[in-house]
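Student: What follows is a single structure, and I will ask about it in a moment.
The values are calculated or read from the model by the stated rules, or taken from the named source; none is laboratory data. This one's a predicted model, so the numbers in the text were calculated from it and none came from an experiment. A quick note on method: Cβ atoms are made from the backbone with ideal geometry, for glycine too, and the neighbour counts reach across all protein chains shown. For the accessible areas, the whole protein counts, side chains as well, though only heavy atoms, and no ligand, DNA or RNA atoms are used. Shrake-Rupley method; radii C 1.70, N 1.55, O 1.52, S 1.80 Å.
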Amino acid sequence: MRKFVPMLLLFILIFVFCFFNIAYALDNYVWTSGDIEVNTTPSTDLNLESGSAILIEQNSGQILYEHNSHEQLRPASVTKVMTLLLIMEALDNGKISLTDKIPCSELASSMGGSQIWLDVREELTVDEMLKAICVASANDCTVAMAEYLEGSVDSFVTKMNSKAHELGMKDTCFKNCHGLDEDGHVTSSYDIALMSRELLSKHPSITNYTTIWMDSLRDGKSQLVNTNKLVRNYKGCTGLKTGSTSLALYNLSASATRDDLSLIAVIMKAPTPAIRFSEASKLLDYGFSNYTYKQFAKQR
């Protein structure tokens, strides 16, 4: 019997040592976003009619589908994703607040395209400006915010290009802050996905505005309806921004989240508005059907 006592003590010591090391190891891991898992063998051709497209997973940035994703095209008002990113950075850095009153210059009031008809005698808060830009794609509000943040539109555009360079947007050159057609004002679906991901990941409160379907300004006198129909019609839609001109045709950066899986689908140069939304939906459906979000553990 005495021969078994040392063996039993050794076994107990090994068990205790292993138990506490395992407990320590588990305690030093945190559950965090890891990667996505493929559910099926995805199709490699979605037969899109749009000139360029891409689908990425928001958290990792992983590309799930792409079609001419680096072709330089006119972004139209999807340009405003970068404008919104810089506004949100200024908010989160404390440079401005949602209650700040923003004046309207002659330049801002003279903008064409989508607008809420700002008057040089009125001021709107940053909160109201964000609502107008996100929901109604207001060019006048976009210019007013650019001037307020950087003193002039040119200085703001310089900052837009600097941020694009920082994000690795190699296909992009911004000439303005609103997206009206201008020679040399180009980007790609890949680059739009990059800045959309940065906006949604670093400043998630932007979805307080990009998910609004209908709202109003000026004590109900100005009605707003979102230009992004997916906000109303697509389950889990979180935004993000439409854009169209006669030269750019129809563009969209669409984002959605289901079961912890967040996707960003970008469509450029769609021939019609209906195809823009249907092909963005097709990309998102493709992502949600074929991929699942998984959590992994990493050491503290």
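Student: Of all residues being under 24 Å from Ser289 (Cβ atoms) and assigned to a loop (DSSP other than H, G, I, E, B) in segment 217-257, which is most open to solvent (accessible area, probe 1.4 Å)? Just the residue, please.
Tutor: Here the answer is Lys235.
Student: Charged (D, E, K, R) and in contact with a helix residue (DSSP H, G or I) (Cβ under 8 Å, 6 or more places away or on another chain), is that true of Asp140?
Tutor: Details: charged (D, E, K, R): yes; in contact with a helix residue (DSSP H, G or I) (Cβ under 8 Å, 6 or more places away or on another chain): yes.
Taking the combined requirement at face value, the residue satisfies it.
Student: Would you call Leu194 among the aliphatic types (A, V, I, L, M), modelled with pLDDT of 95 or more and open to solvent by 20 Å² or more (accessible area, probe 1.4 Å)? Steps first, please.
Tutor: Working: among the aliphatic types (A, V, I, L, M): yes; modelled with pLDDT of 95 or more: yes; open to solvent by 20 Å² or more (accessible area, probe 1.4 Å): yes.
For Leu194, the condition - among the aliphatic types (A, V, I, L, M), modelled with pLDDT of 95 or more and open to solvent by 20 Å² or more (accessible area, probe 1.4 Å) - is met.
Student: Exactly one condition in (1) within 19 Å of Thr207 (Cβ to Cβ); (2) open to solvent by 10 Å² or more (accessible area, probe 1.4 Å); (3) out of contact with any Ser or Thr (no Cβ under 8 Å at 6 or more places or on another chain) is not met by His165; state its number.
Tutor: Of the numbered conditions (1) within 19 Å of Thr207 (Cβ to Cβ); (2) open to solvent by 10 Å² or more (accessible area, probe 1.4 Å); (3) out of contact with any Ser or Thr (no Cβ under 8 Å at 6 or more places or on another chain), the odd one out for His165 is (1).
Student: Can you name every residue in segment 44-92 that is touching a Gly at 6+ places or on another chain (Cβ under 9 Å), over 14 Å from Ala265 (Cα atoms) and among the acidic types (Asp, Glu)?
Tutor: Glu71
Student: So, one more: Looking at this structure, is Ser189 surrounded by 24 or more Cβ atoms within 10 Å (Cβ to Cβ) and touching an Asp or Glu at 6+ places or on another chain (Cβ under 9 Å)? Working first, answer last.
Tutor: Working: surrounded by 24 or more Cβ atoms within 10 Å (Cβ to Cβ): yes; touching an Asp or Glu at 6+ places or on another chain (Cβ under 9 Å): yes.
For Ser189, the condition - surrounded by 24 or more Cβ atoms within 10 Å (Cβ to Cβ) and touching an Asp or Glu at 6+ places or on another chain (Cβ under 9 Å) - is met.
Student: Oh, and also: Considering only residues that are among the small types (Gly, Ala, Ser), surrounded by 24 or more Cβ atoms within 10 Å (Cβ to Cβ) and either more than 16 Å from Tyr65 (Cβ to Cβ) or touching a residue at least 60 places away in the same chain (Cβ under 8 Å) (or both), which ones fall in segment 263-283?
Tutor: Let us first name the residues in segment 263-283 that are among the small types (Gly, Ala, Ser), namely 265, 270, 274, 278, 280-281.
From what is left, the residues that are surrounded by 24 or more Cβ atoms within 10 Å (Cβ to Cβ) are 265, 270, 280.
Residues satisfying the conditions are Ala265, Ala270.
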